[in-house]
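Structure first, commentary second.
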Amino acid sequence: MLATGALSAAGAFTGYTYIVTFLGEVGGFSPGTVSVLFVGFGVACLAGVGVTRAFLDRFPQSALAVAVATQAAGMLGLYAFGAHQAAVACLMLMGGTLGPVFMTTQNAMLHCAPGRTDIALAANFGAHNAGIAAGAALGAPSSPAGC
């Protein structure tokens, strides 16, 4: 679970490093439209958490698998359809999974360590944050030597 959450965060945040440039240059969206798309991204994240909440206790393993698969589908969809209006739907898929991936790993950690939830939650936060840092590092543009 921890590895899945960390890898998912790393992949997502590597992609997020380029998303503004991607939507502008490949998708042809204006800066104002990109801002509106990110509002939709946030709303999709909240909606994804609400939908996942309904299934999490009954299907914890499936909830994580669906969230990660949907995240991957959104990212692959952006790659395939980035120059089309379908990019908006793909971006919303990515947004709809941002919260649920973390939520499902957090839920799994609480079930794995019911007596020491503080340590389990800290491990999940740490793994997720390590994934974010790795994604940002992987996506960061390289600077010339000496800078």
statement: Those residues of region 44-99 that are among the polar types (S, T, N, Q) and over 10 Å from the mean Cα position of the chain (by Cα) come to a total of 4
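Is it the case that some residue within region 121-129 is open to solvent by 70 Å² or more (accessible area, probe 1.4 Å) and either in contact with a helix residue (DSSP H, G or I) (Cβ under 6 Å, 6 or more places away or on another chain) or of a type outside the set (A, V, I, L, M, F, W, C) (or both)?
Taking every residue of region 121-129 in turn, at least one turns out to be open to solvent by 70 Å² or more (accessible area, probe 1.4 Å) and either in contact with a helix residue (DSSP H, G or I) (Cβ under 6 Å, 6 or more places away or on another chain) or of a type outside the set (A, V, I, L, M, F, W, C) (or both).
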query: Would you pick out the residues in region 66-88 that are open to solvent by 60 Å² or more (accessible area, probe 1.4 Å) and either touching a strand residue (DSSP E or B) at 6+ places or on another chain (Cβ under 7 Å) or within 15 Å of Met1 (Cβ to Cβ) (or both)?
result: Val66
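Answer with yes or no whether Gln85 is within 24 Å of Val36 (Cβ to Cβ) and either basic (Lys, Arg) or at pLDDT below 90 (or both).
Working: within 24 Å of Val36 (Cβ to Cβ): yes; either basic (Lys, Arg) or at pLDDT below 90 (or both): yes.
Yes: the conditions hold for Gln85.
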- prompt: Across region 1-18, which residue is surrounded by the most Cβ atoms within 10 Å (Cβ to Cβ) among those that are over 12 Å from the mean Cα position of the chain (by Cα) and aliphatic (A, V, I, L, M)?
  reply: Met1
Residue check, Gly32 open to solvent by less than 20 Å² (accessible area, probe 1.4 Å) and either among the basic types (Lys, Arg) or more than 18 Å from the chain's Cα centre (by Cα) (or both): no
field: Of all residues in region 94-121 being modelled with pLDDT of 85 or more and small (Gly, Ala, Ser), the one that is nearest to Asp57 (Cα to Cα)
entry: Ala108
task: Quick one: Ala108 ticks every box in (1) over 30 Å from Gly27 (Cα atoms); (2) aliphatic (A, V, I, L, M); (3) within 15 Å of the chain's Cα centre (by Cα) except a single one, so which number is it?
output: (3)
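The values are calculated or read from the model by the stated rules, or taken from the named source; none is laboratory data. Bear in mind that the values here come from a model prediction, so they are computed numbers and not experimental data. With ideal geometry, Cβ positions are generated from the backbone for all residues, glycine too; neighbour counts draw on all protein chains shown. Side chains included, ligands, DNA and RNA excluded: accessible areas come from the protein's heavy atoms. Shrake-Rupley method; radii C 1.70, N 1.55, O 1.52, S 1.80 Å.
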